[in-house]
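Taking it in order: structure first as structure tokens, then the write-up.
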Amino acid sequence: MDECSRAGVRRTYERIGAHFSKTREYAWPEVESFVADAPEGGTALDIGCGNGRHTAVLADAADRAVGLDISRALLDVAADRVGDRAPFLLGDAARLPVADDCVDLAVYVATLHHLPSAADRRASLDELGRVLAPDGTALVSAWSTAHDRFDAPADADTGFDTTVDWTLPGGETVPRFYHIYAPAEFQRELDESDLATDSFEVSSGNCYAVVRSEGKGP
């Protein structure tokens, strides 16, 4: 299916970006709490920033915040929303256009599960590890089998690929690719990546992990 390719995911969000943004007005409480607990200052990165709602939270806490997304449509909305408080980059989470060791604080939420292959998802976690500074931390999240919309065993070891329709005004549906993580699978992928996990939880159907770069931290 085309929507399950890298190019297909990008085309999906170019198609639905303007409408999608209107339904994503507020920052997640988990992101606000993570940022509030982090040291102020430094450079912050919002990977898969969408309409910039979390970039704005980072901009309030960091000396410099940057948002990155693969969808130009969403970046246009983000730039209008955040203004000159943060620059935005068109880029791929699996190949971050960011220098090594320069990010003190990162948010990578509701994006990992849209990467269409296990290799891309692993590459993106390693890329996060590459760009994090020695004392940097990040919040990573993904949709999980623990969500009540999925009929999956609670003790499943692996997740599954699926599509979830987005309905545009007028009734047109656009399928969106997701890899739905089993919590054990999510934690295993973090453990096998260039990241070290400081905390892990499942909340409201999502896996959340606070991570740092393996071997760089205290």
Q. Mind checking which residues of segment 169-200 are touching a His at 6+ places or on another chain (Cβ under 8 Å) and not aromatic (F, W, Y)?
A. P169, R176, H179, I180
Q. Out of (1) in contact with a helix residue (DSSP H, G or I) (Cβ under 7 Å, 6 or more places away or on another chain); (2) surrounded by 12 or more Cβ atoms within 10 Å (Cβ to Cβ); (3) modelled with pLDDT of 90 or more; (4) under 20 Å from W143 (Cα atoms), the odd one out for Y26 is which?
A. (2)
**Q.** Residue, surrounded by the fewest Cβ atoms within 10 Å (Cβ to Cβ), within segment 136-160, restricted to residues that are touching a Cys at 6+ places or on another chain (Cβ under 7 Å) and either modelled with pLDDT under 95 or of a type outside the set (A, V, I, L, M) (or both)
**A.** S141
Q.
Anything in segment 29-57 that is hydroxyl-bearing (S, T, Y), surrounded by fewer than 21 Cβ atoms within 10 Å (Cβ to Cβ) and assigned to a helix (DSSP H, G or I)? List them, or say none.
A. S33
Q.
Take residues that are over 17 Å from V9 (Cβ atoms) and tell me which of the strands (runs of 3 or more DSSP E) falling wholly in segment 113-198 contain 3 or more.
A. 132-143
Q: Please specify each residue of segment 170-183 satisfying the condition of being surrounded by 16 or more Cβ atoms within 10 Å (Cβ to Cβ) and either in contact with an Asp or Glu (Cβ under 6 Å, 6 or more places away or on another chain) or not basic (K, R) (or both).
A: V174, P175, F177, Y178, H179, I180, Y181, A182, P183
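The values are calculated or read from the model by the stated rules, or taken from the named source; none is laboratory data. What you see is a predicted model, and the numbers here were worked out from it, not measured in a lab. Glycine gets a Cβ as well: all are built from the backbone with ideal geometry, and neighbour counts include every protein chain shown.
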